[in-house]
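K.L.:
I'd like to ask you about the structure that follows.
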Ligand SMILES: [Zn+2]
């Protein structure tokens, strides 16, 4: 079924009136709509944020709009000589007052027993023509709540694609539509616990490195190769060691292909080279660029990336180079 762009616009725009009206009924007062953008596939309403305008309430407003569409509401227009006149007749009138400056004719669009807004755009004649209304995104920026919505054929397309995505998620997680929210929460909790465990394991593994002491200038060298530790913990360990004294840290961390979220990708290793800032002969950035190849950083702290098979040779070369310089 084809529909003209003008009709698609009028139906999306009228549904926006109904939606803002439904939100107003739920929050208990008139809202301020800063602007509305209508596009081919979706629309965005920018509304001044008020307390209580949370997702649950927005979903309730969506439900109420679809009820009004189902039962049908007439759309009527009233013309007044000025905004002031219009407000005398309709005290709860919603109007973008910054756009209606000075004495000018004002059209008020009334959705039967539901909403009143000053508006000069095109509207459908009954809410039933809106067919179906869906909120597709809610986000807050500053004091504005942005609400994306789709109407009619747009909304049916969105519903079809979104349901397909939801079924894909169910398929991936082994959940069904009724249990998927709980399943995702459970996965999130498990993931947080595993990350905490990995953090602790990473710390313990790094703390177990046996330092190598260079007697003549009391410099301590920490080096090692690990599998699938948390890179952030390695950087924190290196930062701490080089800040505390004359230390050099050379640590490689291999990443199995699974941990890259891409089983097709080639397994890699990250290499951290760090040295206390007083050790001017050790230029970590230069070492990484010359020996590891990919990567770099600052003279006292650099990171590189290599193929997993080259890791031990590279670490050995860096350790030998650094020992010769100390
Ligand atoms: Zn309008």
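The values are calculated or read from the model by the stated rules, or taken from the named source; none is laboratory data. All of these numbers come straight from a predicted model, not from anything done at the bench. No Cβ is skipped: glycine too gets one built from the backbone with ideal geometry, and neighbour counts run over all protein chains shown.
K.L.:
So which of 158, 124, 138 is within 16 Å of the ligand (Cβ to nearest atom), on the phi < 0 side of the Ramachandran plot and in contact (Cβ under 8 Å) with a residue 12 or more places away in the chain? Let's see the steps before the verdict.
P.N.:
Numbers: 158 fails: within 16 Å of the ligand (Cβ to nearest atom); 138 fails: within 16 Å of the ligand (Cβ to nearest atom).
When all the criteria are applied, what remains is 124.
K.L.:
Another one. Test residue 287 against the criterion of being in contact with a helix residue (DSSP H, G or I) (Cβ under 7 Å, 6 or more places away or on another chain), in a loop (DSSP other than H, G, I, E, B) and free of Cβ contacts under 8 Å to residues at least 60 places away in the same chain, and give yes or no.
P.N.:
On the way: in contact with a helix residue (DSSP H, G or I) (Cβ under 7 Å, 6 or more places away or on another chain): yes; in a loop (DSSP other than H, G, I, E, B): no; free of Cβ contacts under 8 Å to residues at least 60 places away in the same chain: yes.
Against the criterion (in contact with a helix residue (DSSP H, G or I) (Cβ under 7 Å, 6 or more places away or on another chain), in a loop (DSSP other than H, G, I, E, B) and free of Cβ contacts under 8 Å to residues at least 60 places away in the same chain), residue 287 does not qualify.
K.L.:
Test residue 86 against the criterion of being within 15 Å of the ligand (Cβ to nearest atom) and in contact (Cβ under 8 Å) with a residue 60 or more places away in the chain, and give yes or no. Outline the logic, then answer.
P.N.:
Working: within 15 Å of the ligand (Cβ to nearest atom): yes; in contact (Cβ under 8 Å) with a residue 60 or more places away in the chain: no.
The answer is no for residue 86.
K.L.:
Next question, about the same structure. Which residue is surrounded by the fewest Cβ atoms within 10 Å (Cβ to Cβ), if the candidates are limited to the range 291-326 and must be over 38 Å from the mean Cα position of the chain (by Cα) and without any contact (Cβ under 8 Å) to a residue 40 or more places away in the chain?
P.N.:
324
K.L.:
Strands (runs of 3 or more DSSP E) wholly in the range 191-256 with at least 3 residues that are surrounded by 19 or more Cβ atoms within 10 Å (Cβ to Cβ) and assigned by TED's automatic domain parsing to the domain that holds residue 281 - which ones?
P.N.:
Details: elements: 212-214, 219-227, 247-255.
It comes to 219-227, 247-255.
The rows are residues; the columns are (1) surrounded by 15 or more Cβ atoms within 10 Å (Cβ to Cβ); (2) within 15 Å of the ligand (Cβ to nearest atom).
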| position | (1), (2) |
| --- | --- |
| 21 | yes, yes |
| 37 | no, yes |
| 53 | yes, no |
| 63 | no, no |
